[in-house]
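Single-structure report; data block below.
The values are calculated or read from the model by the stated rules, or taken from the named source; none is laboratory data. All values reported here derive from a predicted model rather than from experimental measurement. Quick reminder, even Gly has a Cβ in these numbers, built from the backbone with ideal geometry, and neighbours come from all protein chains shown. Each accessible area value is taken on the protein alone, full model and side chains, heavy atoms only, with ligands, DNA and RNA left out. Shrake-Rupley method; radii C 1.70, N 1.55, O 1.52, S 1.80 Å.
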Amino acid sequence: MNEQQRNELRAKAGDFKTYSLVLFAFGAFLYFGTVIPGAVETAKKPFALLAVAVCFAASLSCLRQAARYARRLEEEEERFEP
């Protein structure tokens with residue numbers, strides 16, 4: 001693996017960590033909106049909570065993808081160290 005490919009893996013890992021953080025913050029924002037009385041109609045609350053669950057699931061997925069890229073990068077660097 002050349003240096004350019006390693007830099008791409010580092011960039012992808014960083015990007016997925018950022019995506020995870022943004023999705024988590026957005027999910028938390030939506031959740032707080034459902035907790036505040038009168039902010040969301042009772043009929044729309046299940047849909048809002050479903051959106052929160054989707055955001056948290058996507059956040060975990062992005063975090064796992066970032067860890068996968070970081071692990072792959074670490075394995076490649078170990079292979080070339082004396």
Q: Please specify each residue of the stretch 1-43 satisfying the condition of being of a type outside the set (A, V, I, L, M), farther than 25 Å from Ala67 by Cβ and surrounded by 12 or more Cβ atoms within 10 Å (Cβ to Cβ).
A: Gly33, Thr34
Q. Can you name every residue in the stretch 1-27 that is free of Cβ contacts under 8 Å to residues at least 12 places away in the same chain and small (Gly, Ala, Ser)?
A. Ala11, Ala25
Q: With respect to Phe26, determine if the residue is at pLDDT 95 or above, in contact with a Gly (Cβ under 9 Å, 6 or more places away or on another chain) and in a helix (DSSP H, G or I).
A: no
Q | From Lys44, Lys12, residue being modelled with pLDDT of 95 or more and of a type in the set (D, E, K, R) | A | Lys12
Q: Please work out if Leu49 is free of Cβ contacts under 8 Å to residues at least 60 places away in the same chain, open to solvent by 60 Å² or more (accessible area, probe 1.4 Å) and not hydroxyl-bearing (Ser, Thr, Tyr).
A: yes
Q: Would you please list the contacts, defined by Cβ atoms under 6 Å and residues six or more apart or on different chains, that run from a residue in the stretch 52-65 that is assigned to a helix (DSSP H, G or I) to a residue that is open to solvent by 50 Å² or more (accessible area, probe 1.4 Å) and aromatic (Phe, Trp, Tyr)?
A: Val52/Tyr31; Cys55/Phe26; Ser59/Phe24; Cys62/Phe16; Cys62/Tyr19; Gln65/Phe16
(Q) List pairs: first residue in the stretch 29-46 and without any contact (Cβ under 8 Å) to a residue 12 or more places away in the chain, second residue among the small types (Gly, Ala, Ser) and surrounded by 10 or more Cβ atoms within 10 Å (Cβ to Cβ) anywhere in the structure, Cβ distance under 7 angstrom, at least six positions apart or on different chains. (A) Ala39/Gly33; Val40/Gly33; Val40/Ala48
